[in-house]
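Scroll down for the structure; my scribbles are underneath it.
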Amino acid sequence: MCGQKTEVNGHLFLHCKIATDLWNMFVCILGVNWTMPRTTFEALTHWQGIGKRGSKEDWWKNIHACIWWTLWKERNGRCYEGKVSSPQEIKMRCLGLLYFWCKQNLVGEVDSLMEFKSQL
């Protein structure tokens with residue numbers, strides 16, 4: 001997707017510049033220390049240890065899936081439709097998707113994306 005390396009699972013979902021930017025955005029929002037794992041399996045395993053919040057706030061469990069879904073959709077848009085989104089658009093799409101998923105299942109009464117982001 002970034003055109004710098006062969007497109008393999010670990011690079012696309014973890015080490016590509018776009019992927020790293022998304023992971024770093026959520027790490028900063030959560031205020032946690034995070035070292036990027038080598039593989040997606042390690043990322044899933046390590047991410048489970050990130051959740052240090054109460055059971056009402058299990059939304060963080062959706063972040064890795066949200067990042068990966070956003071990256072996959074962007075990759076397909078670039079490969080098959082010639083559409084390239086800016087890094088900011090990708091980040092906003094990922095945040096919007098997390099908001100939508102959480103609003104449907106976990107968060108409950110949050111009226112706007114900005115209110116949701118402030119509660120992260």
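Descriptive notes on the structure:
- Residue in the stretch 6-14 that is in a helix (DSSP H, G or I), surrounded by 12 or more Cβ atoms within 10 Å (Cβ to Cβ) and of a type in the set (Asp, Glu) present: no
- Qualifying helices (runs of 4 or more DSSP H) (wholly inside the stretch 28-120; at least 3 residues being surrounded by 15 or more Cβ atoms within 10 Å (Cβ to Cβ) and modelled with pLDDT of 95 or more): 63-81, 87-105
- Extreme residue, farthest from Arg78 (Cα to Cα), among residues of the stretch 1-51 that are in contact with a Phe, Trp or Tyr (Cβ under 7 Å, 6 or more places away or on another chain) and free of Cβ contacts under 8 Å to residues at least 12 places away in the same chain: Gly51
The values are calculated or read from the model by the stated rules, or taken from the named source; none is laboratory data. What you see is a predicted model, and the numbers here were worked out from it, not measured in a lab. Methodologically, a virtual Cβ is constructed for each residue, glycine included, from the backbone with ideal geometry; neighbour enumeration extends over all protein chains shown.
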